[in-house]
Amino acid sequence: MVVLAASIVSKSGKVLVSRQFVDMTRIRIEGLLAAFPKLVGTGKQHTYVETENVRYVYQPIEALYLLLVTNKNSNILEDLETLRLLSKLVPEYSYSLDEEGICKHAFELIFAFDEVISLGHKENVTVAQVKQYCEMESHEEKLHKLVLQSKINETKDVMKRKASEIDKSKIEKNRGDKGGFGPLQSMGSGRIENSFSDLSISSSGTGFGSGSGFGLTTDVDSFSTKPKGRPTTSSATAPPKGLGMKLGKSQRTNQFLESLKAEGEVILEDVQPKLSQSRGAAPPPTDPITLTVEEKLNVTLKRDGGVSNFDVQGTLSLQILNQEDGHIQVQVQTGDNQAVAFKTHPNMNKELFSNDSILGLKDPNRPFPTGQASDAGGVGLLKWRMQSTDESMVPLTINCWPSSSGNETYVSIEYEASSMFDLRNVVIFVPLPALREAPSVRQIDGEWRYDSRNSILEWSVLLIDNSNRSGSMEFVVPLADSSAFFPISVRFMATDTFSDLKVTNIIPLKGGNPPKFAQRTQLITDNYQVV
């Protein structure tokens, strides 16, 4: 018996998978497979066809054919036994027996065919043995991963120790300073602010931060977690005495935190202040004016397709640290989205905004309020809203396909992202039925984590851009109803907005050069679900 090739073809003759076990040219195998659909008759009971040179032994699998091409001298009984074994293997590796499912698992099927047939002859194996051989674990691979993980952990420990030493040296250096303006410089180091501005994370004092922080705030100086006492930073020499006392209080608090850190390893209490820093860190000293553009997205998608609710609410807020910068007007550019409806604050000059896209107070002699970073919301200048039922406006769609087989449920989830935005820190929360152990994740684009307390599978993708506009995940759980995997919740952020609102200029009403300003833009999810 010599099997020339094992193939899976569609009933129209399209070749999906083909594995050759003897030396054959591509032209010959393509010619043999192309001739097969013409030879298959309708209404015949047998499942083999012979030509002058080869024999086709086949078996229908839903809309496909599983096909063995053998020579005419082979034992047809053994051929049928081989075909029967392969027909049991195909559903084990491709849960959906259609063209897409077969092509998606083509390499797994080829590896399985190789375990059954060797040099054209059938091996004495079972389905369970083939699965065991294909899933065989490598001790060397495990050892390599353990060594790599230990190096990563060791590097993180060294990084934490170095950060702690730098913090201590800065505190020792600033301990003898008077007035407190030296510690202020280290508290607002340009390295920290630049890293945030490069990532377009909303970390201004207006309180519009999403709190995500990208997990990067772990290495930020821990003594900069009390920016609420920061004074106006336009002056470069000795501050007023009262202000120095306020800074002294902040420095004593930082010394207390450092003394706790010096007693042992970095503990959980050190992380929480850093997270608050990413939410409400004050702007850099060179940018006394901060404008924050934030849009919150409320979306409800139907599991079978379509949009139940799509609502975008945006705000533009202003944070001014120095009182002398309060007499200003803000020039904005509103973009070309006609679906966005803008609404100014009651104290704003509506006519000025409508005609010239300038945000200014009705009374030009009245300055904007000023305040420190402790003022949570800043000053709201402009609000807008957009509603739609157009599914093309949705930045991220989720498709979930649960299917049951035996005592197990196979779940395939796919995301498709619109080209309008690059999405960051994407987390998809999939509810699961109560499980004794974590689900078996067969394939995933990204990372996953199982929250056993809440029985939720978290699928994380750090960045979705043009390189990965679509992705998928497949996992297996014990038999469950398809409704158990809904509603699916999604969380992400983006540095672009639907309104495309931009601040183009700051106009000083008392003359002089326009003051420097920082602009922070972000789109975050408030409630994003697939129900």
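Among (1) touching a helix residue (DSSP H, G or I) at 6+ places or on another chain (Cβ under 9 Å); (2) open to solvent by 30 Å² or more (accessible area, probe 1.4 Å); (3) within 21 Å of Val130 (Cβ to Cβ), which single condition is Arg84 missing?
(1)
Just the residues that are outside any loop (DSSP other than H, G, I, E, B) and either surrounded by fewer than 13 Cβ atoms within 10 Å (Cβ to Cβ) or not acidic (Asp, Glu) (or both), please, taken from segment 61-80.
Ile61, Leu64, Tyr65, Leu66, Leu67, Leu68, Val69, Thr70, Asn71, Ile76, Leu77, Leu80
So which residues in segment 410-441 are of a type in the set (D, E, K, R) and either surrounded by fewer than 16 Cβ atoms within 10 Å (Cβ to Cβ) or in a loop (DSSP other than H, G, I, E, B) (or both)?
Hits for segment 410-441 are Glu414, Glu416, Asp422, Arg436, Glu437.
Would segment 171-187 turn up any residue that is in a helix (DSSP H, G or I), at pLDDT below 80 and small (Gly, Ala, Ser)?
So far as segment 171-187 goes, yes, one or more of its residues are in a helix (DSSP H, G or I), at pLDDT below 80 and small (Gly, Ala, Ser).
Conditions (1) over 20 Å from Leu33 (Cβ atoms); (2) among the small types (Gly, Ala, Ser), marked per residue:
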{"position": "Pro60", "(1), (2)": "no, no"}
{"position": "Leu80", "(1), (2)": "no, no"}
{"position": "Pro91", "(1), (2)": "yes, no"}
{"position": "Ala106", "(1), (2)": "no, yes"}
{"position": "Gly120", "(1), (2)": "no, yes"}
{"position": "Glu141", "(1), (2)": "yes, no"}
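Residue by residue, here is whether (1) assigned by the TED database to the domain that holds Ile358; (2) closer than 18 Å to Leu301 by Cα; (3) at pLDDT 90 or above holds:
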site	(1), (2), (3)
Arg424	no, no, yes
Arg442	no, no, yes
Leu462	no, no, yes
Phe485	no, yes, yes
Asp526	yes, yes, yes
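Read through the list (1) surrounded by fewer than 18 Cβ atoms within 10 Å (Cβ to Cβ); (2) at pLDDT 85 or above; (3) within 44 Å of the chain's Cα centre (by Cα), then give the number of the only condition that Phe21 fails.
For Phe21, the failing item is (1).
One residue is enough: does segment 92-101 have a residue meeting the conditions among the hydrophobic types (A, V, I, L, M, F, W, C), assigned to a helix (DSSP H, G or I) and surrounded by 13 or more Cβ atoms within 10 Å (Cβ to Cβ)?
No, segment 92-101 contains no residue that is among the hydrophobic types (A, V, I, L, M, F, W, C), assigned to a helix (DSSP H, G or I) and surrounded by 13 or more Cβ atoms within 10 Å (Cβ to Cβ).
Taking the condition of a type in the set (Asp, Glu) and either outside any strand (DSSP E or B) or not assigned by the TED database to the domain that holds Phe310 (or both), does Asp500 pass?
Yes: the conditions hold for Asp500.
The values are calculated or read from the model by the stated rules, or taken from the named source; none is laboratory data. Quick caveat: nothing in here was measured; it's all calculated off a predicted structure. Here the Cβ is made from the backbone with ideal geometry for all residues, glycine too, and neighbour counts use every protein chain on show. Areas reflect the complete protein model, heavy atoms only, side chains present, ligands, DNA and RNA absent. Shrake-Rupley method; radii C 1.70, N 1.55, O 1.52, S 1.80 Å.
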